[in-house]
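Heads up: the structure comes next, in structure tokens.
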Amino acid sequence: MFNNAFMSFPRPRVLTQCAAVAYVGSVAVLGLVDVLAEGSPGGSAAPYVVAFPGSAVAAVLLQLASSLLGSGEPPAGEGAALGFPVLAVAGALVNVSMLWAAVSFARLCVRECRAARRARRA
């Protein structure tokens with residue numbers, strides 16, 4: 001009844017998980033390449049543009065956590081160069097989490113609307 005090629009196609013959730021992992025991985029690679037190529041931590045804004053809303057949220061959360069726990073300033077110096085790609089990756093993870101939450105909420109709304117229609121008909 002179904003074609004074998006159709007049956008071997010991955011499920012949509014597997015595709016979305018692969019897309020999320022690819023997105024976060026590409027932001028990580030872009031951040032590492034940026035730090036290694038430029039040599040300075042503030043060289044380019046490419047990783048932050050790719051992970052924009054999430055990188056801003058991650059930066060604000062990092063600033064709040066550092067002000068609550070310590071001096072109020074993020075650590076600086078030689079070891080801080082790798083902190084910038086980590087911030088971009090954290091932003092990408094925040095973006096994936098926000099997208100997952102929005103899709104889950106939309107699915108819940110659709111499910112509740114269908115249940116309300118069925119209840120009205122009965």
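The values are calculated or read from the model by the stated rules, or taken from the named source; none is laboratory data. Please read all numbers here as calculations on a predicted model, not as lab measurements. All Cβ positions, even for glycine, are placed from backbone atoms using ideal geometry, and neighbour counts span all protein chains on display. Just so you know, the surface numbers come from the protein's heavy atoms only, side chains and all, with ligands and any DNA or RNA stripped out. Shrake-Rupley method; radii C 1.70, N 1.55, O 1.52, S 1.80 Å.
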Mind listing just one residue for me: the one in region 67-83 that is more than 23 Å from ALA28 (Cα to Cα) and at pLDDT 60 or above and, of those, surrounded by the most Cβ atoms within 10 Å (Cβ to Cβ)? SER67
Being modelled with pLDDT of 85 or more and open to solvent by 50 Å² or more (accessible area, probe 1.4 Å): is that true of ALA115 here? no
